Structure formats: structure tokens, C-alpha cells
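Here the structure comes first, spelled out in C-alpha cells, and everything after it is commentary.
The values are calculated or read from the model by the stated rules, or taken from the named source; none is laboratory data. Everything quoted here is computed from the prediction, not taken from an experiment. Quick reminder, even Gly has a Cβ in these numbers, built from the backbone with ideal geometry, and neighbours come from all protein chains shown.
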Amino acid sequence: MLTTRPKIAELVFRVYGRALHPELFQVCASRTVKRGKYEAKIDITTAGHVVCWRYAGLTLTEVATSANHPLPECRRLVSAKLRGHRNEQVSCRGGVNYQVSFQLEPVAPEVFWTFQQELAQDGRHQGMLHRFDSSGRMALGALSYINLECRDRRLFVQAFHTFPDDYAIVKSQSLFEIP
């Protein structure tokens, strides 16, 4: 199991049509939400995040992690390296729709530190925030911040993961919708 943040060149984004075993991940923070007819478990992990969303017998699991992290191939719906910007959409039975937009954004050091400070301030008031220890190269450690918008027929998840050693930010926006 990974105990530190992976290198940005190793990052992948995956979506499964099934739940994944929780022992596959080192969870740093977790939240469960139930709204209308769906429920979701959202975890911040050492490498990124896991969102397991359930509705009427259907399960979708979104994972931002390292390519070196051992994950199954069975019922994998999306698998992409986190490079640049990418959009994906999955239509499921019963009219369920899943959309995601994710990107890896290298930024200038001054932009990175400003963004990291803003995330830390926002995380004190809303959403989920986890501060990681410094890797030793930088004085401050990485941050992961997840904000949720729950409605009866949709769950909107915004995730931000910082990588101080590389001055990079992983951003994702996911929408889980029921008919």
C-alpha cells in the first residue's frame, strides 16, 4: 500500500461499475452522504480520492490514484493517465448518468502556493480537507480538498489534490445523476 504521494507522472483516473475493497486504500479522511435515493462514500487517500456512489443496485466507483497502485481490471469503465485535461461520460442502466472532467495542471511556484493557501482556508469552513506531512523537499506538505454538493437527484464532487514537489494540482469535477 502506498504511504506517500505518488509522482505526478504516475497518476491515473479510473471509474468502475462496482465497489472496490476498502483495504486497497490508505484512507486519510472519509465522509458518507445519503440523499434522496442514493448514497455515497467519499474518501481522501494518500494518492488522491475514492468516491463510491450507489443507487438502486447500481454502484459506480471513481478513483484518482497511482498507476502503480494494484487495482482490478474487472468492470473498469474508464482508465486514463492524468495528463492535461480530459472529459468522460458514462451512461448506465435506469437512466443514470456519470460525467467527469479532470486535469493535471503544472503551475508556477507562486501560483501554486497561493492556491494551496486558499484551499487551506476554504477547507476550514466547508468540504473535506486533509493536510499531508512534508516530503522533506518542501517545507509544507500536500493538501487534498473535496467539496460536495448534494441534491435529491445528483451529487456533484469537486476534488483538488496538490503536489508541492512538482508544483502541480490535480482537479476533478464529477456529476452523478439519477433520472
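Of note:
- LEU104 aliphatic (A, V, I, L, M) and outside any loop (DSSP other than H, G, I, E, B): yes
- Single match in LYS81, LYS41, LYS37 (criterion: among the basic types (Lys, Arg) and more than 22 Å from ARG154 (Cβ to Cβ)): LYS81
- Note on the range 73-84: residues that are within 17 Å of the chain's Cα centre (by Cα) and either surrounded by fewer than 16 Cβ atoms within 10 Å (Cβ to Cβ) or in a loop (DSSP other than H, G, I, E, B) (or both) total 7.
- Residue within the range 118-131 that is part of a strand (DSSP E or B), free of Cβ contacts under 8 Å to residues at least 24 places away in the same chain and either among the charged types (D, E, K, R) or more than 17 Å from CYS28 (Cα to Cα) (or both) present: yes
- Taking the criterion of being surrounded by 15 or more Cβ atoms within 10 Å (Cβ to Cβ) and either aliphatic (A, V, I, L, M) or over 15 Å from the mean Cα position of the chain (by Cα) (or both), the residues of the range 120-130 that qualify are ALA120, GLY123, MET128, LEU129.
Yes/no matrix, rows are residues, columns are (1) at negative phi; (2) of a type in the set (A, V, I, L, M); (3) at pLDDT 95 or above; (4) buried (at least 18 other Cβ atoms within 10 Å of the Cβ):
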site: TYR55; (1), (2), (3), (4): yes, no, yes, yes
site: GLU62; (1), (2), (3), (4): yes, no, yes, yes
site: ALA67; (1), (2), (3), (4): yes, yes, no, no
site: LEU71; (1), (2), (3), (4): yes, yes, no, yes
site: GLU88; (1), (2), (3), (4): yes, no, yes, no
site: ARG93; (1), (2), (3), (4): yes, no, no, no
site: VAL100; (1), (2), (3), (4): yes, yes, yes, yes
site: GLN103; (1), (2), (3), (4): yes, no, yes, no
site: PHE112; (1), (2), (3), (4): yes, no, yes, yes
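- Residue in the range 5-18 that is surrounded by 16 or more Cβ atoms within 10 Å (Cβ to Cβ), assigned to a helix (DSSP H, G or I) and among the charged types (D, E, K, R) present: yes
- Unmet requirement for GLN117, which otherwise passes all of (1) at pLDDT below 95; (2) surrounded by 13 or more Cβ atoms within 10 Å (Cβ to Cβ): (2)
- Out of ASN87, ASN68, one residue alone is among the polar types (S, T, N, Q) and assigned to a loop (DSSP other than H, G, I, E, B). It is ASN68.
- Some residue of the range 105-118 being under 18 Å from THR46 (Cα atoms) and of a type in the set (A, V, I, L, M, F, W, C): no
- Of everything in the range 18-53 that is of a type in the set (Asp, Glu) and modelled with pLDDT of 95 or more, the residue that is farthest from LEU175 (Cα to Cα) is ASP43.
- Residue check, LEU140 assigned to a loop (DSSP other than H, G, I, E, B), in contact (Cβ under 8 Å) with a residue 12 or more places away in the chain and over 18 Å from PHE102 (Cβ atoms): yes
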